[in-house]
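Worksheet: the structure to be examined is printed underneath.
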């Protein structure tokens with residue numbers, strides 16, 4: 001059983017109607033004290049939890065939520081009401097992610113074609129709802145790359161600590177648990193591609209497949225994870241995504 005604790009900002013707890021909130025996948029939570037909650041999940045390999053709050057956080061409260069839980073979680077949000085808690089991956093997935101990240105970094109550096117960003121960098125977008133409202137999306141990608149053809153090198157150099165507000169040229173998401181493939185496919189389609197990403201890869205070590213999203217195609221396509229990956233958008237890149245996969 002996996003146990004994780006998270007802490008709510010005090011101001012939010014004082015003003016908001018905290019309960020009930022929804023947890024996906026379903027888990028058990030225990031209130032340790034006024035601000036701390038403990039989640040218990042049967043799946044020890046569970047890496048991402050979605051929390052749907054009854055009352056949205058303010059932007060300031062969300063920043064505090066990130067700060068209070070930074071030693072445990074990386075956070076994403078849809079409009080400060082739906083919160084995604086990323087609890088870290090186990091060793092093999094971390095190794096797979098590291099190898100893929102290194103291959104893209106090395107390629108981009110050798111070709112001086114763009115910059116590569118890790119999940120530590122946060123993207124901030126606006127999305128129009130069917131009801132005419134504007135939602136704020138704050139999202140992270142396992143690996144992202146922005147070509148100098150899309151955003152000039154000098155401009156990207158100024159992105160030291162602020163949000164990135166330009167859609168990545170390339171996004172790579174690595175499926176971190178056997179049950180989260182559909183979640184990653186949905187995220188790629190509904191967030192990254194709709195915000196203007198040109199090429200998206202969902203790499204699943206469990207299904208042994210790579211799911212390829214292109215901005216000029218209505219449907220994604222699949223290829224074996226053991227097949228070398230090339231694409232016209234990534235000149236001379238030859239990706240081997242199969243390393244460590246057989247250790248799962």
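The values are calculated or read from the model by the stated rules, or taken from the named source; none is laboratory data. All values reported here derive from a predicted model rather than from experimental measurement. Glycine gets a Cβ as well: all are built from the backbone with ideal geometry, and neighbour counts include every protein chain shown.
Brief remarks follow.
- Taken over the range 22-40, residues that are modelled with pLDDT under 75, surrounded by 12 or more Cβ atoms within 10 Å (Cβ to Cβ) and assigned to a loop (DSSP other than H, G, I, E, B) amount to 2.
- Qualifying residue in the range 7-21 (condition: closer than 21 Å to residue 183 by Cα and loosely packed, with under 13 Cβ neighbours inside 10 Å): no
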